[in-house]
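**Student:** Following this message is one structure expressed as structure tokens.
Derivation of every value follows stated rules applied to the coordinates shown; laboratory data play no part. None of the values given here were measured: they were computed from a predicted structure. Positions of Cβ are backbone-derived with ideal geometry, glycine not excepted, and every protein chain shown enters the neighbour counts.
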Amino acid sequence: MKYSDDIITLKGIGEKTAKLFYKLGVNTIEDLLNHFPRDYESYGKPIKVKEAPLDTPVTLELTVMGNFQWKKVRQLTIGSGMAEDDTGKVGITYFNAPYLKNIIRSGNTYLMRGKLKKEREMLRMDQPKIYSYEEYAKKTGSLQPCYGLTAGLTNQAVTKAVKQAMNALSESEYLPGFLLDEYQLVSRKKAYEDIHFPGNYEDMLRARRRLVFDEFFTFLISLRKLKEFNEAHRSEYPMIETAETARFVDKLPYRLTDAQLRVYDEIKADLTSGMSMNRLIQGDVGSGKTILAFLALLLTVSNGYQGALMAPTEILAMQHYEQMISMTQKYGLPFKPVLLTGSLSAGAKRKLYEEIECGTANVIIGTHALIQEKVNYQKLALVITDEQHRFGVRQREILSEKGGHAHVLVMSATPIPRTLAIILYGDLHISVVDELPADRLAIKNCVVGTSYRKKAYEFITAEVDKGHQVYVICPMVEESENTDNIENVTDYAEKLKAALPQHIRVGVLHGKMRPADKNRIMNAFGDRDVDVLVSTTVIEVGINVPNATVMMIENAERFGLAQLHQLRGRIGRGKEQSYCIFVSGTDNEKSMERLKILNRSNDGFYIANEDLKLRGPGDLFGIRQSGDMVFTIGDIYQDSDLLKEVSRSVDQILREDPELSSTKYSGLKEYLEQNAVNFIDFRSI
């Protein structure tokens with residue numbers, strides 16, 4: 001069995017099951033091994049009813065009170081009754097489990113495991129699993145993996161497949177031995193075994209630390225080599241300052257902030273310096289980065305060159321294109337923009353390729369389609385990528401190379417503390433737009449529990465009746481196993497349609513939709529044909545609908561604070577007061593306190609630093625991920641200390657042996673040559 005083998009080669013996985021894995025992006029054995037658990041179920045000692053938290057798997061030692069009642073409703077057999085311990089009572093219900101008629105007896109005591117719910121002041125537990133004392137003793141203290149799933153794929157099926165895939169793991173190490181000793185890292189093979197099937201919590205943490213170390217290490221060592229490669233280049237596109245940009249700034253109906261003017265001066269200095277620019281503009285949501293990108297493109301075009309603006313989604317690319325067309329017409333700018341996306345027909349693409357190659361189009365806006373082999377540019381002098389963390393480093397490098405090492409400008413609204421930004425964007429100079437336009441009204445925030453929903457729906461109705469629009473964000477696309485009490489877009493939209501007045505039009509948007517359907521829904525929302533948009537985080541990247549004044553985020557506790565701040569940035573973009581409602585699916589005090597940081601501030605950098613302080617090794621995958629960069633398991637906030645340590649080690653190794661030519665680093669060099677890490681092709685560096 002090899003890493004590259006298709007998962008269909010595993011025993012028990014046929015075409016139908018394989019397609020479900022493919023939907024999750026799991027195509028090979030290697031993908032499966034890197035499909036890490038998003039959480040674990042912990043089998044602790046049985047606890048008392050009075051101590052048991054709601055909506056969390058718990059084991060209770062309960063005695064059945066009276067006889068269980070069994071009845072048939074259509075095709076469903078339902079069993080119900082009461083059970084208790086010396087601290088409280090629980091209503092127990094089973095569906096389609098008639099075999100339990102001969103097991104559950106009045107007066108007998110059982111170990112029952114499930115999630116407690118509260119209904120009309122009464123505690124209930126549906127479908128609890130019954131364990132014998134001997135059986136449960138074997139499980140006590142263990143952690144069972146809970147994987148990200150899709151409809152039709154069970155946790156048990158993934159677990160079984162992963163156990164088979166473990167046979168592909170080898171004992172070989174690519175990290176130098178001194179690093180393994182210095183950081184007391186477990187072997188790579190043991191890390192994979194213990195991340196999926198840990199014997200205990202400490203084993204899982206050690207495994208995760210090794211895998212995070214590897215991910216940061218390979219990313220940073222490739223990035224450092226890329227920085228050396230970039231800094232050696234003189235620009236092939238010398239520029240001079242022109243009057244076009246100053247005239248444009250004077251015509252704008254608002255004054256640029258001091259931060260925008262400062263950052264534009266830094267961009268202008270780079271473009272006219274004679275050296276290739278590699279700069280990151282980091283600015284909070286709504287700080288006005290797009291106008292800086294347009295100014296850089298204007299300077300480029302007025303020097304007779306082409307510029308490209310790459311966005312991570314077709315929706316965002318379309319918005320940039322329409323905004324540029326509008327400004328060109330309004331201010332008489334020399335832009336001749338075209339929009340190049342993957343969903344265009346072959347004929348439309350051929351026509352655009354010709355315009356790009358002959359130079360008729362001087363600004364090319366699009367998605368990944370901009371870096372396809374068939375796209376040839378005439379004089380591509382400036383490459384701008386929007387929302388950098390959505391692209392691999394190598395992807396923007398490919399686009400830069402299409403211009404013969406064009407100037408590179410990267411924009412990001414992800415509020416990363418400066419100490420981490422310097423490490424993560426090591427190949428770029430950093431500019432920060434740390435000021436918001438004066439006319440922006442601060443968003444009003446509130447953090448509430450699920451009991452607030454009725455009031456929230458009334459508030460949403462009132463805002464829609466004023467002519468405004470609303471976003472409702474859910475963490476999942478559809479219901480799946482292991483996701484009790486986690487709201488999903490599909491079901492929530494139906495729930496909302498039933499709860500809101502009939503005249504309110506509800507739309508649905510998520511990442512699994514076809515691009516054409518996503519564009520249709522977003523256009524309908526932009527044109528005010530949809531009042532309430534129920535969506536996943538697909539809307540977090542740059543969508544601009546100034547008429548949207550309310551955002552309600554369900555299961556807010558499952559997102560990183562930085563990501564919640566990014567999402568919140570979709571509102572507050574017009575002149576009306578905007579409101580963000582963070583709904584916590586848990587009454588956990590720590591989770592609520594964390595969310596209240598968003599109550600206290602709309603400053604992304606303050607929030608990012610607070611998030612950094614709160615992260616700890618006990619915060620697991622998927623629950624509080626930052627959603628930043630392209631790391632599978634590492635989290636730049638939670639693992640910030642390890643990131644800094646890895647950065648120091650990488651610098652030390654490259655100072656000692658820049659080419660990794662010694663025997664000491666032969667395994668590392670071979671690994672990097674065989675793996676295009678994070679879209680950086682080490683062989684080309």
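**Student:** Just tell me which lysines come within less than 17 Å, Cα to Cα, of Lys454; anything on the same chain fewer than 8 places away is out.
**Tutor:** Lys495, Lys497
**Student:** Please list the three semi-axes, largest first and in whole Å, of the ellipsoid equivalent to the chain, using sqrt of 5 times the eigenvalues of its alpha carbon gyration tensor.
**Tutor:** Semi-axes, largest first: 47, 33, 22 Å.
**Student:** Starting from the Cα gyration tensor of the stretch 444-614, take the square roots of the eigenvalues, sort them a ≥ b ≥ c, and report rounded, prolate or oblate (rounded when a/c is under 1.5, otherwise prolate if a/b is larger than b/c, else oblate).
**Tutor:** Because its axes are fairly even, with a/c under 1.5, the stretch 444-614 counts as rounded.
**Student:** Then there's this: Can you tell me the order of 362-368, 236-242, 544-550 when each peptide is scored by its average per-residue count of other Cβ atoms within 10 angstrom, highest first? Before the final figure, lay out the partial values.
**Tutor:** Details: 362-368: 23.6, 236-242: 15.7, 544-550: 20.0.
Packing proxy ranking, top to bottom: 362-368, 544-550, 236-242.
**Student:** OK, next. Between Leu205 and Cys358, what is the spin-label point distance in nm, taking each point 7 Å from the Cα along the Cα→C-beta axis?
**Tutor:** 6.6
**Student:** Using mean Cβ contacts within 10 Å as the protection proxy, how do 246-259, 631-644, 264-277 order, highest first?
**Tutor:** By packing density, highest mean first, the sequence is 631-644, 264-277, 246-259.
**Student:** Hey, another quick one. Mean separation of Cα pairs under 8 Å and 6+ residues apart, divided by the residue count of the chain: what relative contact order is that in percent?
**Tutor:** Relative contact order comes out at 13 percent.
**Student:** So how much slack lies between Glu121 and Asp6, counting 0.36 nm per residue of separation and subtracting their Cα-Cα distance, in nm?
**Tutor:** 36.3 nm
**Student:** Another question about this same structure. Highest first, please rank the peptides 600-607, 284-291 by the mean number of other Cβ atoms sitting within 10 Å of their residues.
**Tutor:** 284-291, 600-607
**Student:** Between Asp529 and Phe95, what is the label-to-label distance in nm when each label sits 7 Å out along the Cα-to-Cβ direction?
**Tutor:** So the two model labels end up 3.7 nm from each other.
**Student:** By how many nm would the segment from Gln323 to Arg247 lengthen if fully extended, with 0.36 nm per residue of separation less the alpha-carbon distance?
**Tutor:** Roughly 25.5 nm would be gained on extension.
**Student:** Over 28 Å between Cα atoms, which of Lys16/Lys512; Lys289/Lys379; Lys336/Lys575; Lys16/Lys163 qualify?
**Tutor:** Numbers: Lys16/Lys512 18 Å; Lys289/Lys379 24 Å; Lys336/Lys575 31 Å; Lys16/Lys163 20 Å.
Flagged as over cut-off: Lys336/Lys575.
**Student:** Measuring from a point 7 Å past the Cα of Asp587 along Cα-to-C-beta, which residues in the stretch 68-104 have an amide N at less than 19 Å?
**Tutor:** Those under the cut-off are 87-91.
**Student:** Here is a further query. With the cut-off at 1.5 for a/c, could you classify the stretch 233-433 from its C-alpha gyration tensor as rounded, prolate or oblate?
**Tutor:** It is rounded, given that a/c, with a ≥ b ≥ c, falls under 1.5.
**Student:** Give the cross-link partners of Lys129 among the aspartates and glutamates, using a straight C-alpha distance below 18 Å as the criterion and excluding same-chain residues fewer than 8 apart.
**Tutor:** Glu41, Asp55, Glu61, Glu84, Asp85, Glu481, Asp484
**Student:** Average projected area of the Cα convex hull of the stretch 38-83, in nm²?
**Tutor:** Taking the Cα atoms of the stretch 38-83, their convex hull projects to 5.3 nm² on average.
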